[in-house]
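Below is one structure, written out as structure tokens; comments come after it.
The values are calculated or read from the model by the stated rules, or taken from the named source; none is laboratory data. Just so it is clear, the model here is predicted, and its values are computed rather than measured. Ideal geometry is used to build each Cβ from the backbone, glycine not excepted, and the neighbour counts take in all protein chains shown.
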Amino acid sequence: MGVLWKRRSNPLASAAFGGLRRLGVLGRVSVLTPTSETRQHFHAQLWQCFLAQNWPDKELVVVETYQTEPSSILNIRDPRLVHVTLKEDLNVGTKRNLCVLLASGQYCVNFDDDDFYAEGYCEAMVSELVRRNLGALTFSAWYNYFEDRGTCGYSDPAAWDCEDQAELEGDLYGYGFSYVHLRSLALQFPYPDLGFAEDAPFMLRLKNLGRAGLVEDARGLCMHVVHRSSSCIDPEVSQILSEEELEDLLVFDSEAFQAYLRQRAWPCLCS
């Protein structure tokens, strides 16, 4: 097992391992991303989305498993980056828990490496978490970008005709790309040791404890990208957006999303 460890050089570096700061550094946001060698082509946009966040005290914690070579894109020296590489085959639930352990922040914000986050995403989500005195928060409605079609759709599960309450709650609470939570809570109630669909049991447990809430992404703070290798292949949508509506979303003008559109040969959408 190989480990590449890059971390700020101060006494807080060992806090996550030793449990010396269970609550985390007050006010710090730890952006958490489990990833793998097969997803290294997403790492540039992940780093770009992190750098764009306007939250002042932030870090990016990445746990990457690999078989051949770890990410060269994340092989950089930056005091805000924690990049741990493991020559192992670990499931995503375990990697999410490792991210939490390695984090030093009071607040944990999940970033999926293949999705896009507007510069005010962390600020908006953490502020809502604090305002409502919650332990965890996730989107109840969100925007999807369908890569194969070049279209954007809005998913609002609460508006769907779903009579099965358990199924509805799974749709509402089961998308980990938008999870925000207190680090202390995730240490107490970790993700299940699963390779798929590890997110819903984690958040539903917090919901049943009265600690998790929902918020609608009405402004387009995030773009959930659906592509061939997505774990979510074909999400149901409530509305297909026009080009004008897509351009009004906060995430549309982000450098990372604009670069993505250019790579996908959709120049008409690039600003």
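Odds and ends about this structure:
- Screening Asp89 with (1) more than 20 Å from Ser178 (Cα to Cα); (2) at pLDDT 95 or above; (3) of a type outside the set (S, T, N, Q) gives one miss only, at (2).
- Top-ranked residue in region 168-216 [being hydroxyl-bearing (Ser, Thr, Tyr) and either out of contact with any helix residue (DSSP H, G or I) (no Cβ under 6 Å at 6 or more places or on another chain) or assigned to a loop (DSSP other than H, G, I, E, B) (or both); ranked as farthest from Val226 (Cα to Cα)]: Ser184
- Considering region 128-152, the residues that are under 18 Å from Asp217 (Cα atoms) and small (Gly, Ala, Ser) include one that is surrounded by the most Cβ atoms within 10 Å (Cβ to Cβ), namely Ala136.
- Enumeration of residues in region 22-40 that are basic (Lys, Arg), surrounded by 15 or more Cβ atoms within 10 Å (Cβ to Cβ) and either assigned to a loop (DSSP other than H, G, I, E, B) or in contact with a Gly (Cβ under 9 Å, 6 or more places away or on another chain) (or both): Arg28
- Residue among Ser231, Ser238, Ser271 that alone is under 21 Å from Ala136 (Cβ atoms), at pLDDT below 95 and of a type in the set (S, T, N, Q): Ser231
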